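To start, the structure itself, in structure tokens.
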Amino acid sequence: MQELETLSSPADIVSETKRLLYIESYGCAMNFSDSEIIGSIMSENGFDYTQNEFEADVVFLNTCAIRDNAEQKIRDRLKHLKNNKRKNSDLIIGVLGCMAERLKTKLLEEEKLVDIVAGPDSYRDLPKLVAEVENGNKAINVLLSREETYAEISPLRLNTNGISAFVSIMRGCDNMCSFCVVPFTRGRERSRDPQTIIQEVQTLSEAGYKEITLLGQNVDSYLWFGGGPKIEYKHLTDEQKNSSVNFAQLLEMVAVVNPNMRVRFSTSHPKDITDDVLLTMKKYDNICKHIHLPAQSGSSRILDTMNRTYTREWYFDKVKRIREIMPECTISCDIIVGFCGETEEDHQETITLMQASKFIFSYMYKYSERPGTLAQKKMTDDVPEEVKSRRLSEIIDVQNKISLENNLKMVGKTVRVLADSYSKKSKEDLCGRNDQNNMVVFPKANHQIGDFVEVVIEKVSSTTLIGKSIV
Ligand code: SF4
């Protein structure tokens with residue numbers, strides 16, 4: 001799943017009696033969404049938010065463990081937080097999320113500054129953990145749950161632009177890709193009660209939000225049948241089958257809440273995405289025509305060692321099916337280069353898969369071995385670092401060329417953009433995305449952030465479409 005920029009929480013209205021909490025989120029969208037759940041739990045327990053880390057009573061770092069450098073970033077951040085603790089010896093520092101879950105007590109031993117270690121399923125316990133620290137102890141809860149989905153918690157929208165919001169629909173992952181630490185840090189797959197999802201979407205719609213993104217590690221395997229760890233549909237009882245809700249059905253339930261609110265989702269798994277999902281996307285104009293469909297590699301041999309449970313041919317069939325049902329639908333991808341045993345031939349197959357699939361963009365990484373994973377236990381990280389770097393820069397070049405070719409085809413076309421920010425270069429220009437998830441920049445004229453704007457595309461780069469509004 002895509003990594004987001006590190007953000008801190010904004011100041012809400014700060015009461016004088018309440019204590020102050022500062023949160024930083026790292027890694028994927030799920031973590032950012034979790035921070036909003038944490039925010040809600042803490043605000044119910046006497047905390048207000050501050051953007052200013054130096055006035056905080058409690059600082060939480062909500063962490064990622066997907067790559068070694070993600071964890072290194074947290075260790076560097078902790079070094080900086082030493083100054084905060086020097087100025088305020090009562091400051092409580094908590095490390096939450098995937099890195100906390102992976103390292104458990106080791107984190108308390110290695111990083112003396114840390115007071116609280118809490119895994120992704122223990123956020124309801126945070127107020128208690130804070131109290132434990134106030135009583136002079138270190139506090140830890142890294143128990144993984146088979147049921148927890150925080151279903152009824154109404155997230156406190158942090159860093160919100162009031163336009164786009166994440167809605168978490170499930171937690172955990174049962175897939176066990178051999179390179180991935182997520183099944184160990186986020187536990188078994190569980191789906192959230194659809195009624196609580198619809199309620200949250202309804203609330204966002206009433207609050208004026210224009211776009212929601214349904215989030216899960218593997219949204220296509222969403223299956224509600226009353227709660228608890230995932231059971232395959234075929235193993236459900238007749239009664240459970242009759243009341244079950246799958247992802248295509250959930251998508252439809254969400255799409256009809258407000259036909260003017262855009263719906264996105266992430267992340268899809270090539271083995272699980274179904275025709276029903278694609279046909280539901282086609283049926284509703286407000287479901288954005290973009291699918292993030294990580295391939296990870298273009299070589300069937302490597303896909304097998306990655307335990308991705310599909311082949312290169314299967315992936316191509318999915319891409320073909322998406323384009324048959326929705327010719328306008330764009331596809332983006334995650335690619336790992338230099339996985340254990342990857343040869344030049346495998347690498348070339350990744351390149352040809354990218355070229356044939358014409359991804360709108362890709363998140364591209366060098367393989368980073370993670371402790372505890374199947375790959376770390378059973379395989380050898382044998383591709384030299386310089387080869388990984390060279391292959392990474394080759395696929396980045398390939399993607400840039402594909403993106404530019406895709407974008408050039410957009411010149412002269414009119415696209416509908418949800419303006420969500422000012423352009424980085426000028427406050428006179430607005431920036432946003434069209435349905436297909438292209439980044440579009442255009443002169444502000446009379447438009448405002450939050451408007452849907454028809455923009456005719458005049459020129460492009462490999463990353464951006466540039467145009468002007470036609471009304
Ligand atoms: S699908 Fe694979 S890569 Fe994605 S979270 Fe699950 S185990 Fe990790």
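Read-outs: derived from the displayed coordinates by stated rules, not from any lab. Fair warning: this is a prediction, and the values are worked out from it, not measured in the lab. Positions of Cβ are backbone-derived with ideal geometry, glycine not excepted, and every protein chain shown enters the neighbour counts.
For each cysteine in the chain, check whether another cysteine's C-beta sits under 4.7 Å from its C-beta; list those where none does.
Here C28, C64, C98, C173, C288, C329, C333, C340, C431 come out as lacking a disulfide-compatible partner, given the Cβ-Cβ threshold of under 4.7 Å.
Subtracting the Cα-Cα distance from 0.36 nm times the residue separation, let me have the gained length for N88 to T237 in nm, one decimal.
Values: separation 149, 0.36 × 149 = 53.64 nm, distance 5.67 nm.
Full extension from N88 to T237 adds 48.0 nm.
What residues from segment 137-176 fall in the zone where the backbone N is under 18 Å from a label point 7 Å along the Cα-to-C-beta line of Y422?
Answer for segment 137-176: 160-163.
Report the FRET efficiency, 1/(1 + (r/R0)^6), for L143 and M253, where r is their Cβ-Cβ distance and R0 is 41 Å, rounded to 0.05. Don't skip to the answer; put the middle values down first.
Details: r = 32 Å, r/R0 = 0.77.
The pair L143/M253 has a calculated efficiency of 0.85.
Which helices of the chain meet both criteria: a Cα extent of 24 Å or more along the helical axis and a mean Kyte-Doolittle score no lower than -1.0, with helices taken as whole DSSP H segments?
Values: long enough: 68-87 (30 Å, -2.34); 385-408 (34 Å, -0.72).
Going by DSSP H runs, the hits are 385-408.
List the extent of the Cα atoms of segment 7-141 along each of their three principal axes, largest first, rounded to whole Å.
Extents along the principal axes, in whole Å: 40, 31, 25.
Per DSSP H run of n ≥ 4, the term is -39500 (n - 2.57); total these for the chain, divide by its residue number, and report the mean residue ellipticity at 222 nm rounded to 500 deg cm²/dmol. Walk me through the intermediate numbers first.
Working: 15 runs with 161 residues, N = 471.
Result for the chain: -10500 deg cm²/dmol, rounded to the nearest 500.
Between segment 314-347 and segment 132-152, what's the alpha-carbon centroid distance in Å?
Segment 314-347 and segment 132-152 have Cα centres spaced 39 Å from each other.
Only loop residues by DSSP count here, and only those with at most 11 other Cβ atoms within 10 Å; note down the GluC sites (Glu not before Pro) in segment 352-430 that meet that. Spell out each step's value before the answer.
On the way: sites: E369, E385, E386, E394, E405, E428; in loops: E369, E428.
Taking segment 352-430 and a limit of 11 other Cβ atoms within 10 Å, the loop GluC sites (Glu not before Pro) found are E428.
Could you tell me how far the Cα centroid of segment 249-275 sits from the Cα centroid of segment 375-423, in Å?
Segment 375-423 and segment 249-275 have Cα centres spaced 24 Å from each other.
How much FRET efficiency would the formula 1/(1 + (r/R0)^6) give for E405 and K320, where r is the Cβ-Cβ distance and R0 is 25 Å, rounded to 0.05?
Numbers: r = 19 Å, r/R0 = 0.76.
Calculated value: 0.85.
How far apart, in nanometres, would the label points at S461 and K79 be if each is projected 7 angstrom from Cα along the Cα-to-Cβ direction?
For the pair S461/K79, the computed spacing is 3.2 nm.
Between R301 and T414, how high is the FRET efficiency from 1/(1 + (r/R0)^6) when r is the Cβ-Cβ distance and R₀ = 56 Å? Nearest 0.05. Each step should come with its number before you reach the end.
Working: r = 44 Å, r/R0 = 0.79.
The pair R301/T414 has a calculated efficiency of 0.80.
Kirkwood Rh over Cα pairs of the chain into Stokes-Einstein at 20 °C, 1.002 mPa s: D in µm²/s? Don't skip to the answer; put the middle values down first.
Working: Rh = 23.4 Å.
In µm²/s, the coefficient rounds to 91.
Over 31 Å between C-alpha atoms is what I'm after, so list which of K230/K378; K318/K401; K282/K427 land there.
Numbers: K230/K378 27 Å; K318/K401 23 Å; K282/K427 35 Å.
Pairs exceeding the cut-off: K282/K427.
Looking at segment 164-408, what % of the alpha carbon pairs are farther apart than 21 Å?
On the way: 18096 of 29890 pairs.
Of all Cα-Cα distances in segment 164-408, 61 percent exceed 21 Å.
Which of the peptides 83-96, 234-247 is most tightly packed, and how do the rest follow, going by the mean number of other Cβ atoms within 10 Å of each residue?
On the way: 83-96: 16.3, 234-247: 13.1.
Highest mean packing first, the order is 83-96, 234-247.
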